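None of the figures in this text is laboratory data; all of them are computed from the coordinates on show. Quick caveat: nothing in here was measured; it's all calculated off a predicted structure. All Cβ positions, even for glycine, are placed from backbone atoms using ideal geometry, and neighbour counts span all protein chains on display.
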C-alpha cells in the first residue's frame, strides 16, 4: 500500500547581517566572506519570495536593476544552487562570475544612495500544511490547493536537500506510487524557467495527464 505524502510548508524570517555593498567590488568581497546560509537565502530561496522576473537570484537582480549591468545579471542568473554539491560550490560559482566580469569590463557605476545590496541570513520554519495524499487523485487535489510556500519547499528547496535534480514530489511518485515515467516528467520541470505558480500548473498538468492515462487503461 502506498505511503501517504504529508505536505509541508515553510516560512522564513530574515536577520540582517549588517553587511552591504554599493559597488561590484564590494559585492564580490562580501560574497567571499558572508555565512553560507546568506548565500543560500540570496540564491536558493529566491523563488520563495514569489518573484517572477528575468532573474534567478538576488545578486543577478541587483546587478541588473541597481548597477544596470545586464550582461552580468544574465551570467549570475546561470548559477544554479539546486545542482551544486554544496553552498560553498555556489559561492565559488558566484565568485568566478564576478571575478571574470571585474577583470574583463570597466567597473560599473556605484549603486544609488539607498539602493545598496544588503546581505541577510534566514531563519526558516517548516511545519505541516494540513494536507495528505494517499493516491494520485488525492495528490492532484492537494497540488491545486497547496499554499505556494509548500510548492517551493517540496520542489525547489528539496533539490538543495536531495541533490541530483531530485525533489520530494517525484521521489514519492516513483518510490511509493511506482510511477517512474511521471516522476521523470516532474523532474524535467526546470525550476529556473517558471515561478512557483508556473511550476504548480505544470505539476497539475502532468499528474492530470497520468490520471487520464490510468483511467483510459482501466476502461479498456
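Overview of values
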item	result
Least to most buried among 113, 74, 209 (fewest other Cβ within 10 Å first)	113, 209, 74
Helical mean residue ellipticity (222 nm; -39500 (n - 2.57) per DSSP H run of 4+; nearest 500) of the chain	-14500 deg cm²/dmol
Residue 112-residue 33 pseudo-label distance in nm [points 7 Å out on the Cα-to-Cβ vector]	2.9
Angle between the chain longest axis and helix 87-104 axis [Cα atoms, degrees, rounded to 10]	40
Extension gain, residue 23 back to residue 188 (0.36 nm per residue minus Cα-Cα distance, nm)	55.7 nm
Simple spin-label estimate for residue 54 and residue 213 in nanometres, 7 Å along Cα-Cβ	3.7
Cα shape, segment 12-121, gyration tensor, a/c 1.5 rule	rounded
Segment 11-57 versus segment 124-138: alpha-carbon centroid distance in Å	29
Theoretical FRET efficiency, 1/(1+(r/R0)^6), r = Cβ-Cβ of residue 65 and residue 145, R0 45 Å, to 0.05	0.85
Relative exposure of 85, 38, judged by other C-beta atoms within 10 Å (fewest first)	85, 38
Cα long-axis angle, helix 136-145 against the chain (0 to 90 degrees, to the nearest 10)	40
Cβ-based exposure ranking for 62, 172, in which fewest neighbours within 10 Å come first	172, 62
Angle in degrees between helix 24-33 and the longest Cα principal axis of the chain, rounded to the nearest 10	60
Full-extension gain in nm, residue 89 to residue 12, via 0.36 nm per residue minus C-alpha separation	25.4 nm
Theoretical gain in end-to-end length, residue 96 to residue 134 [0.36 nm per residue, Cα-Cα removed]	9.1 nm
